[in-house]
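These notes concern the structure reproduced below.
Each reported figure results from applying straightforward, stated rules to the coordinates on display, with no laboratory input. Keep in mind that this is a model prediction, so the values were computed, not measured. Counting neighbours? That spans all protein chains shown, and the Cβs are built from the backbone with ideal geometry, glycine included.
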Amino acid sequence: MNRAALPDAMRPRFACGGVGALMSTRAGGVSVGPYAFLNLGASVGDHLQSVGENRARFADALGGAPVWLRQVHGTGVVRLHADAPLPLAPPEADASVCTQPGRACVVQVADCLPVLFAAPGGRGVAAAHAGWRGLSAGVLEATLDVLCAAADCRPQDIEAWLGPCIGPRQFEVGADVLRGFGVEPERGGPRFTPHAEGKWLADLAGLARDRLAQRGLRTIDGGGWCTVEDESRFFSHRRDSARHGRGGRLAAAIWIERGA
């Protein structure tokens, strides 16, 4: 197995150089049923032996050892250090930051939005898990704060890439989500389209793009893939749970290349 051995993997490119990134799809693993094929989630009901093999294949395609997180839809950010042992248990956080080669920042998703960040000159990288709760609470802003401090740069120097998530034609939400973003349901907002009585369609990637632009980011790529609609490539918690009662997880990773 090598970095080219995961078929259909998405490989974001960053103009700053010195970093590598990868977003998994369903292709390239050994799981079966609703987890077919490259399920990377260890707590979704899949056989752990299959998940272990899938994670080994994913890790082999990266340029650093992946550090998995126990994601809780919050705003916690953990710093990764290549000279520290890999954690025995996943740290509780929804984002990670690293400024050294040897470790890969990783987040799992299955409708939530993965966001990858790169600082200029490969001085630092970060990955954030942004469901609507974490996004509205400020997980992207918290990640930027830690990354900018660690890499000694400004938000406008950072490049961001938005991965696949539930799209604006599929993400039906209630008034609580609008209020979570400071939007009054009676007035609505540009990222919320009225859909049914008491329901709206939300643009999760658009909301993330707005938050990043407000912090001064100038380069924000990606964000055009819907996990629900593209069943052949992506797992979707909302779609797969409705059909099967369970489903797999994708992962996005970013790392600093050795010699950068």
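Of the listed peptides 114-120, 148-154, 239-245, 130-136, what is their order by residue-averaged count of other C-beta atoms within 10 Å, with the highest listed first? Working shown, then result.
On the way: 114-120: 26.9, 148-154: 16.9, 239-245: 14.3, 130-136: 22.4.
Sorting 114-120, 148-154, 239-245, 130-136 by mean packing, highest first, produces 114-120, 130-136, 148-154, 239-245.
What ranking do 42-52, 81-91, 199-209 get when scored by the average of other Cβ atoms within 10 Å per residue, highest first? If you can, show how the numbers build up before the last one.
Working: 42-52: 15.7, 81-91: 10.5, 199-209: 21.8.
Packing proxy ranking, top to bottom: 199-209, 42-52, 81-91.
Taking only DSSP H segments of four or more residues, each worth -39500 (n - 2.57), what value at 222 nm results for the chain once the sum is divided by all its residues, to the nearest 500 deg cm²/dmol?
Taken over the chain, the calculation gives -6500 deg cm²/dmol.
With the chain treated as a Gaussian network of Cα nodes joined by springs under 10 Å, which of Glu229, Glu186, Glu92 yields the largest mean-square fluctuation?
Most flexible of the set in this elastic network: Glu186.
Given the C-alpha atoms of the range 72-189, compute the convex hull and give its volume per residue in Å³.
Cα-based convex hull of the range 72-189, divided per residue, equals 114 Å³.
Would you please give the residues with an amide H less than 5 Å from that of Val19, counting only those at least 5 places away or on a separate chain, with H modeled from the backbone geometry?
Glu257
Each residue of the range 13-21 in order: what ³J(HN,Hα) in whole Hz does its phi give by Karplus 6.51 cos²θ - 1.76 cosθ + 1.60, θ = phi - 60°, with x for Gly and Pro?
Couplings: 10, 10, 5, 5, x, x, 10, x, 8 Hz.
List the residues, sorted by chain then number, that are 5 or more residues from Gly222 or on another chain and whose placed amide H is less than 5 Å from its amide H.
Leu162
List, largest first, the extents of the alpha carbons of the range 1-157 along their principal axes, each in whole Å.
For the range 1-157, the Cα spread along each principal axis is 45, 32, 28 Å.
³J(HN,Hα) across the range 71-83 via Karplus (A = 6.51, B = -1.76, C = 1.60, θ = phi - 60°), whole Hz, x for Gly/Pro?
Each residue's phi maps through the Karplus curve to give 7, 10, 6, x, 10, x, 10, 10, 8, 9, 10, 5, 8 Hz.
Specify which residue in the list Ala9, Trp200, Val146 is farthest towards the positive end of the charge dipole of the chain, using unit charges on the beta carbon of Lys, Arg (+1) and Asp, Glu (-1), about the Cα centre.
Of the candidates, Ala9 comes out farthest on the positive side.
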